[in-house]
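Reviewing the structure listed below.
The values are calculated or read from the model by the stated rules, or taken from the named source; none is laboratory data. Everything numeric here is computed off the predicted structure, so don't read it as measured data. Reconstructed Cβ throughout: ideal geometry from the backbone, glycine too, with neighbour counts over all protein chains shown. Just so you know, the surface numbers come from the protein's heavy atoms only, side chains and all, with ligands and any DNA or RNA stripped out. Shrake-Rupley method; radii C 1.70, N 1.55, O 1.52, S 1.80 Å.
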Amino acid sequence: MKKKRVFSGVQPTGNLHLGNYLGAIDNFVNLQNKFECIYCVVDLHAITNHQDPKQLKSNILETVASFVASGLSTEKNIIFNQASVAAHSELAWIFNCVSRIGWMNRMTQFKEKAGSNKENASVGLLVYPNLMAADILIYKATHVPVGEDQKQHLELTRDIAKKFNNDFKCKDFFPIVEPLISKDIPRVMSLRNGKKKMSKSDDSDYSRINLKDDKDLINLKIKKATTDADSIPSEISGLKDRAEAKNLLSIYASINKTNLEKVLKDFGGKNFSTLKSSLSETIIEKICPIGKEITKLLQDEKYLTTILKKGTNKADLIAKENIKEIYNLIGLTKFT
Ligand code: TRP
């Protein structure tokens, strides 16, 4: 049995929110005790859309601060940023040559992100999934925790691995990665519109709980969160066409580390104000200490930089060794 290795990436956005926490980081914290884990701030993915240079730099540090404040160990895990390890870009180019244009054209995320003017999207946005495959395979990672929206990119990673192994006659060189998608990890939706994902780019700050929100603001946002006039059902079937109700209940389940069935058993028949006050309490208890820790960590840039350097050294060691083998397989030589 080959050793299991987890890899995941998070885009450097400032102002991380409850969706980032429950949908990704909290799960990373869980996995750190079970696997060897590599967590990467994917700054090269971020620039597929124009970023303000100063803002990008500070967002990278804030993402690392959020990882650490949420309980990710810098000892157990490798925490670093993508731009620090050159082999990500090197392998991404190789995969640009392995991957097929037809595969890219099928990617639904590109279609969504490029919007109506596809001709004007960056080429980087189109080949974004090849870089993602490189992130994972440069470490020969076997397991990748991602949300539903990234499943198609993981399928592509598998296709690239198979084609490379086949083209260069190196069976089993790249592992065929498995997604780690847990049904208890919710897709956290906007507090104002249950059909939209919670997002930092939503115009309304009331649509999300930011990790740095204080107690009063969290209370207010949950109080104002959209629900409907019906009471809470006791069965999941009672949540059909009730996206906002389902969202609040799923957040409640996730943050309390239980599941939707159990929450419905407890709250079935009650009204939403009861759920909301209990939900606010739990969110405040969980999120406020993290927010305070993020603010504190952000004042110590040197410490955050040290974490990234340490992670980079460890990641680079693995990546350099693998890129050497990959170059060999292809017939490329670095005459250094
Ligand atoms: N595309 C991922 C997202 O937007 C981020 C990402 C980049 C990633 N590289 C990765 C996730 C490698 C998992 C593995 O969420």
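Given a 1.4 Å probe and every protein chain left where it sits, what share in percent of the accessible area of the stretch 119-242 is carbon and sulfur? Can you show the working numbers first?
Working: 3090 of 6370 Å².
The computed percentage sits at 48.
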Probe 1.4 Å, heavy atoms of protein chains only: per residue, the accessible area of the chain in Å² is 51 Å²
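Please give the peptides 174-182, 248-256 ranked by average Cβ packing (other Cβ atoms within 10 Å per residue), highest first, as a rough proxy for protection. Don't jump to the answer; show the numbers that get you there.
Working: 174-182: 16.6, 248-256: 21.3.
Packing order, densest peptide first, comes out as 248-256, 174-182.
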Check E178: other-chain or 5+ apart residues with amide H under 5 Å from its amide H, H built from backbone geometry?
H143, V144
Mark the label point 7 Å from the Cα of K183 along Cα→Cβ and return the residues of the stretch 251-287 whose backbone N is within less than 19 Å of it.
251-266
Please determine, in degrees from 0 to 90 and to the nearest 10, the orientation of helix 215-224 with respect to the longest principal axis defined by the Cα atoms of the chain, where the helix direction is its Cα long axis.
70 degrees
List the lysines whose alpha-carbon lies under 20 Å from that of K163, not counting same-chain residues fewer than 8 positions away?
K140, K151, K171, K324
Nonlocal amide H pairs with G194, under 5 Å, H built at 1.01 Å:
E244
With N residues in the stretch 261-317, Rg(alpha-carbon) / (2.2 N^0.38 Å) equals 1.94
Could you rank the peptides 162-173, 120-131 by their average count of other C-beta atoms within 10 Å per residue, with the highest value first?
120-131, 162-173
If I take the Cα coordinates of the chain and project them onto the principal axes, what are the three extents in Å, biggest first?
69, 46, 43
To make sure I understand the rule: partners must be lysines, Cα under 23 Å from the Cα of K262, and not fewer than 8 residues away in the same chain. Which ones qualify?
K183, K223, K240, K246, K270, K276, K286
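Let me know the whole percent of all Cα-Cα pairs from the stretch 132-290 that are separated by more than 21 Å.
Values: 6938 of 12561 pairs.
More than 21 Å apart: 55 percent of the Cα pairs in the stretch 132-290.
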To test your reading of the geometry: what angle, between 0 and 90 degrees and rounded to tens, separates the Cα axis of helix 272-298 from the longest principal axis of the chain?
40 degrees
For the stretch 48-135, what Kirkwood radius comes out of the mean inverse Cα-Cα distance, in Å?
15.1 Å
Can you pull out the GluC sites (Glu not before Pro) in the stretch 73-130 that DSSP calls coil and that have at most 11 other Cβ atoms within 10 Å?
E75
How would the stretch 107-205 be classified by its alpha-carbon gyration tensor: rounded, prolate or oblate, with rounded meaning a/c under 1.5 and the a/b versus b/c comparison settling the rest?
oblate
